[in-house]
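Visitor: One structure follows; several queries about it will come next.
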Amino acid sequence: MKTRLRLALLGLAFLATGAAAHELTMAEMEMRQISAGEFLWQWTASGAKPAAQELTPVWPEGCSSESESNFLRCGEKGLSGNMKVEGVGKTYSAAIVRVFWLDGQTRVYTITSAQPSVRLYGSADDRRGMGEIASAYTVLGVEHILSGYDHLMFVFALLFLVGFNKRLVWTITAFTAAHSVTLALAALGLLALRSPPVEATIALSIVLVAGEALHTKATLARRWPALVAFLFGLVHGLGFAGALKDIGLPQNHLPVALLTFNVGVELGQLLVVGLAYLLWRALARRPGFALARTPALYAIGSVAAYWSIGRIAGILA
């Protein structure tokens, strides 16, 4: 019993640490054009470590910013060329660059370790081709699901509830279909809900599924896991949409960006399920492996309960 308790506490500490890290993975920069070829820029949002200490912008050729200055001056081409942010992939997994142009238009660009640079064209025009956008948003989808600890924990809880059998295919398919629908509706502005209730409901969904997986009673979740996965998948899709809103969608090839982001999410999800299956196949016959099931579920449920309390308190505060 002591060994099982230690495993549960170890899992709880690991997941709680990961959850904290997930909240600090994105930094935001704001750039405002004040005249032809001149901009003011600043980091507007970051985590515990100031973005200015962790990230260094590398401006397009012909643009320069004096040391300790937030004033950017570009040459005849204006803000045109490749822009990078050094340090992405360490403390921060992504840097969001919002450019406010003199004509009132705004464009959002996302820089990650997998997509280390973006192409700027000197105006609000986004001239990226369909292939470039598809590649960028597929990678962003994969990165988001792999760093979305609450979404991954829900998938793990489903694996414990259903097991690796034929019903798992229908359960994962139902979850995928549901969050794809709400992701699309929310991203296109056809459905809108405040983020705090959505995040609280996502945490509560993990608690419920983990609790159902701990006993063997013939409850609704055990008899119809695909239905439960579909219903909660609708809420998880709103969580994905919130992340996509922060990243931003391009005005050109918007359907492609939305579709490929969702494809990236699914690829990341299938990768996790596949790795979990390989781990299960490798360890299933080892003595004591089955004993780890209960501590793992208690760890998942405890972390999710902690998130639930914090997120509900944030709504009521």
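The values are calculated or read from the model by the stated rules, or taken from the named source; none is laboratory data. Bear in mind the structure is a predicted one, so any value in this text is a computation, not a measurement. Virtual Cβ from ideal backbone geometry, glycine too; neighbours counted across all protein chains shown. We work out accessible area using only protein heavy atoms, side chains counted, and drop any ligands, DNA or RNA first. Shrake-Rupley method; radii C 1.70, N 1.55, O 1.52, S 1.80 Å.
Visitor: So, residue 279, is that one hydrophobic (A, V, I, L, M, F, W, C), modelled with pLDDT of 90 or more and under 19 Å from the mean Cα position of the chain (by Cα) or not?
Guide: Working: hydrophobic (A, V, I, L, M, F, W, C): yes; modelled with pLDDT of 90 or more: yes; under 19 Å from the mean Cα position of the chain (by Cα): no.
For residue 279, the condition - hydrophobic (A, V, I, L, M, F, W, C), modelled with pLDDT of 90 or more and under 19 Å from the mean Cα position of the chain (by Cα) - is not met.
Visitor: A follow-up question, please. Answer yes if at least one residue in segment 267-280 is touching a strand residue (DSSP E or B) at 6+ places or on another chain (Cβ under 8 Å), part of a helix (DSSP H, G or I), under 30 Å from residue 132 (Cα atoms) and touching a residue at least 40 places away in the same chain (Cβ under 8 Å), and no otherwise.
Guide: We begin by selecting, within segment 267-280, every residue touching a strand residue (DSSP E or B) at 6+ places or on another chain (Cβ under 8 Å); these are none.
No, segment 267-280 contains no residue that is touching a strand residue (DSSP E or B) at 6+ places or on another chain (Cβ under 8 Å), part of a helix (DSSP H, G or I), under 30 Å from residue 132 (Cα atoms) and touching a residue at least 40 places away in the same chain (Cβ under 8 Å).
Visitor: Test residue 203 against the criterion of being buried (at least 21 other Cβ atoms within 10 Å of the Cβ) and at pLDDT below 90, and give yes or no. Spell out how you get there, then give the answer.
Guide: On the way: buried (at least 21 other Cβ atoms within 10 Å of the Cβ): yes; at pLDDT below 90: no.
No; evaluated as a whole, the condition is false for this residue.
Visitor: Within segment 244-266, which residues are in a helix (DSSP H, G or I), closer than 22 Å to residue 30 by Cβ and either of a type in the set (A, V, I, L, M) or touching a His at 6+ places or on another chain (Cβ under 7 Å) (or both)?
Guide: First, pick out the residues of segment 244-266 that are in a helix (DSSP H, G or I): 244-247, 254-266.
With closer than 22 Å to residue 30 by Cβ added as a condition, the list becomes 244-247, 257.
Once the filter is applied, which keeps residues that are in a helix (DSSP H, G or I), closer than 22 Å to residue 30 by Cβ and either of a type in the set (A, V, I, L, M) or touching a His at 6+ places or on another chain (Cβ under 7 Å) (or both), segment 244-266 yields 244, 247, 257.
Visitor: Filter segment 249-266 for residues that are under 13 Å from the mean Cα position of the chain (by Cα) and surrounded by fewer than 20 Cβ atoms within 10 Å (Cβ to Cβ) and give the result. Write out each step before concluding.
Guide: Our first condition is that a residue be under 13 Å from the mean Cα position of the chain (by Cα); within segment 249-266, this holds for 261-262, 264-266.
Answer for segment 249-266, where residues must be under 13 Å from the mean Cα position of the chain (by Cα) and surrounded by fewer than 20 Cβ atoms within 10 Å (Cβ to Cβ): just 266.
Visitor: Let me ask something additional. Taking the stated definitions as given, is residue 49 of a type in the set (Lys, Arg) and either within 26 Å of the chain's Cα centre (by Cα) or within 26 Å of residue 142 (Cβ to Cβ) (or both)?
Guide: Numbers: of a type in the set (Lys, Arg): yes; either within 26 Å of the chain's Cα centre (by Cα) or within 26 Å of residue 142 (Cβ to Cβ) (or both): yes.
Yes, satisfied.
Visitor: If we keep just the residues of segment 212-238 that are over 25 Å from the mean Cα position of the chain (by Cα) and of a type in the set (Gly, Ala, Ser), which is nearest to residue 294 (Cα to Cα)? Give the steps one after another, and end with the answer.
Guide: Of segment 212-238, the ones over 25 Å from the mean Cα position of the chain (by Cα) are 212-224.
Subset that is of a type in the set (Gly, Ala, Ser): 213, 218, 221.
On the way: 213: 9, 218: 18, 221: 18 Å.
Looking at residues that are over 25 Å from the mean Cα position of the chain (by Cα) and of a type in the set (Gly, Ala, Ser), I get 213.
Visitor: Those residues that are more than 16 Å from residue 100 (Cα to Cα) and modelled with pLDDT under 85, I need them from segment 15-44; list them, please.
Guide: At the first step, the residues of segment 15-44 found to be more than 16 Å from residue 100 (Cα to Cα) are 15-27.
Once the filter is applied, which keeps residues that are more than 16 Å from residue 100 (Cα to Cα) and modelled with pLDDT under 85, segment 15-44 yields 15, 16, 17, 18, 19, 20, 21, 22, 23, 24, 25, 26.
Visitor: Of the numbered conditions (1) touching a Leu at 6+ places or on another chain (Cβ under 9 Å); (2) modelled with pLDDT under 85; (3) within 20 Å of residue 242 (Cβ to Cβ), residue 115 satisfies every one except a single condition; which is it?
Guide: Tallying (1) touching a Leu at 6+ places or on another chain (Cβ under 9 Å); (2) modelled with pLDDT under 85; (3) within 20 Å of residue 242 (Cβ to Cβ), residue 115 fails exactly one: (3).
Visitor: Since residue 70 meets every condition but one in (1) of a type in the set (S, T, N, Q); (2) closer than 26 Å to residue 191 by Cα; (3) open to solvent by 50 Å² or more (accessible area, probe 1.4 Å); (4) touching a Phe, Trp or Tyr at 6+ places or on another chain (Cβ under 9 Å), which condition does it not meet?
Guide: Among (1) of a type in the set (S, T, N, Q); (2) closer than 26 Å to residue 191 by Cα; (3) open to solvent by 50 Å² or more (accessible area, probe 1.4 Å); (4) touching a Phe, Trp or Tyr at 6+ places or on another chain (Cβ under 9 Å), the lone unmet condition for residue 70 is (2).
Visitor: I'm checking my understanding of the structure. Among residues of segment 186-200 that are open to solvent by 20 Å² or more (accessible area, probe 1.4 Å) and small (Gly, Ala, Ser), which one is nearest to residue 233 (Cα to Cα)?
Guide: Narrowing segment 186-200 to residues open to solvent by 20 Å² or more (accessible area, probe 1.4 Å): 186-197, 199.
Narrowing further to those that are small (Gly, Ala, Ser): 186-187, 189, 192, 195.
On the way: 186: 14, 187: 16, 189: 19, 192: 16, 195: 15 Å.
So, considering only residues that are open to solvent by 20 Å² or more (accessible area, probe 1.4 Å) and small (Gly, Ala, Ser), the one nearest to residue 233 (Cα to Cα) is 186.
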